[in-house]
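Have a look at the structure below, then the notes.
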Amino acid sequence: MPVRINPSILAADFVNLERDLNSIQTADLVHVDVMDNHFVPNLTFGPQMVGRIQDVSPVPLDVHLMISDADRWAPGYAELGAYSVTFHAEAAENPVALARRLREIGARAGIAVKPGTAIEPYLELLPEFDQVLVMTVEPGFGGQSFMPEVMPKLGLLRDAAARQGLDVWLQVDGGISADTIGIAAEAGANTFVAGSSVYNSNGDPTENIAALRAAAEQHSH
């Protein structure tokens, strides 16, 4: 199963964002965290900024919406041209209808769950989604520690996808490093969001991406 590494620009230098986007051209997608200071206690990018990132990024956008009222706002990010748009299950009134709308516009549709949200209600809905994001930290801030206790969700998702014959990307976000990526890959993840381990650790971002990819491939199924 292919391994995807999606660096989070939350860890990039915002003053030199175009430079930092160009430094991760070996990544699969660039992860863009949209926070509204309501669903989560932090504020990052809005549609105008994401649109400009879309204009200049050499890598397709993997937009993660940590915002309230996703049913209203998520389609606009698909309309900007994002390759993938993920909204939170906790912030959507009708996740299936929203996912179908995102697909109609032309984006991959993703659904995300917080660490405390059960995954079981979504297992039979997997055909409606292209990606499921299991948060491995509480959403809202970068630099948090990886939560291994959410790994059983990935096993349930992996088994449900296999049972239904689906190619659903299983993504993890939060605390992903060379030390933790193997744990998530072993549990069933195949798509990895990495922020500080790409941008803030020693070495070139390209080298860090390669090291993360190699570590994940050793444990992927």
*Answer yes or no: is there a residue in the stretch 167-176 that is open to solvent by 20 Å² or more (accessible area, probe 1.4 Å) and more than 21 Å from VAL63 (Cα to Cα).*
no
*asked:* Could you go through the stretch 29-37 and let me know if any residue there is out of contact with any strand residue (DSSP E or B) (no Cβ under 6 Å at 6 or more places or on another chain) and among the charged types (D, E, K, R).
replied: yes
*Matching residues, the stretch 39-61, being open to solvent by 50 Å² or more (accessible area, probe 1.4 Å), in a loop (DSSP other than H, G, I, E, B) and either among the polar types (S, T, N, Q) or modelled with pLDDT of 95 or more (or both)*: PRO58, PRO60
*Please identify the pairs in which a residue from the stretch 99-119 that is among the small types (Gly, Ala, Ser) has its Cβ atom under 8 Å from the Cβ atom of a residue that is part of a helix (DSSP H, G or I) and open to solvent by 20 Å² or more (accessible area, probe 1.4 Å), counting only partners at least 6 apart or on another chain.*
ALA99/GLU128; ALA109/ARG100; ALA109/ARG103; ALA109/GLU128
*Do any strands (runs of 3 or more DSSP E) lying entirely in the stretch 84-161 carry at least 3 residues that are of a type in the set (Lys, Arg), and which ones are they?*
none
*Some residue of the stretch 192-206 being assigned to a helix (DSSP H, G or I), among the β-branched types (Val, Ile, Thr) and closer than 21 Å to ALA89 by Cβ*: no
*Report the residue count in the stretch 62-72 for those that are crowded, with 18+ Cβ neighbours inside 10 Å and not in a loop (DSSP other than H, G, I, E, B).*
6
*Selection from the stretch 127-155 of residues that are of a type in the set (A, V, I, L, M, F, W, C), closer than 17 Å to SER197 by Cα and surrounded by fewer than 21 Cβ atoms within 10 Å (Cβ to Cβ)*: VAL137, PHE141, PHE146, MET147
*When ARG19 is evaluated against the numbered criteria (1) closer than 19 Å to ILE111 by Cβ; (2) open to solvent by 30 Å² or more (accessible area, probe 1.4 Å); (3) of a type in the set (Lys, Arg), which criterion, by number, is the only one it fails?*
(1)
*asked:* Suppose the filter is in contact with a helix residue (DSSP H, G or I) (Cβ under 8 Å, 6 or more places away or on another chain), modelled with pLDDT of 95 or more, open to solvent by 30 Å² or more (accessible area, probe 1.4 Å) and of a type in the set (A, V, I, L, M, F, W, C); does ILE183 pass it?
replied: yes
*What pairs can you find where one residue is in the stretch 152-165 and without any contact (Cβ under 8 Å) to a residue 60 or more places away in the chain and of a type in the set (A, V, I, L, M, F, W, C), the other is surrounded by 12 or more Cβ atoms within 10 Å (Cβ to Cβ) and part of a helix (DSSP H, G or I), and their Cβ atoms are less than 8 Å apart, with a gap of 6+ or different chains?*
LEU154/ALA184; LEU154/ALA187; LEU156/LEU123; LEU157/LEU123; LEU157/LEU126; ALA160/LEU123; ALA160/LEU126; ALA161/LEU126
*Out of the stretch 64-95, which residues are of a type in the set (Val, Ile, Thr) and in contact (Cβ under 8 Å) with a residue 40 or more places away in the chain?*
THR86
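The values are calculated or read from the model by the stated rules, or taken from the named source; none is laboratory data. Being a predicted model, the structure only gives us computed values, none of them experimental. A quick note on method: Cβ atoms are made from the backbone with ideal geometry, for glycine too, and the neighbour counts reach across all protein chains shown. Remember, those area values only see protein heavy atoms, side chains included, never the ligands or the DNA or RNA. Shrake-Rupley method; radii C 1.70, N 1.55, O 1.52, S 1.80 Å.
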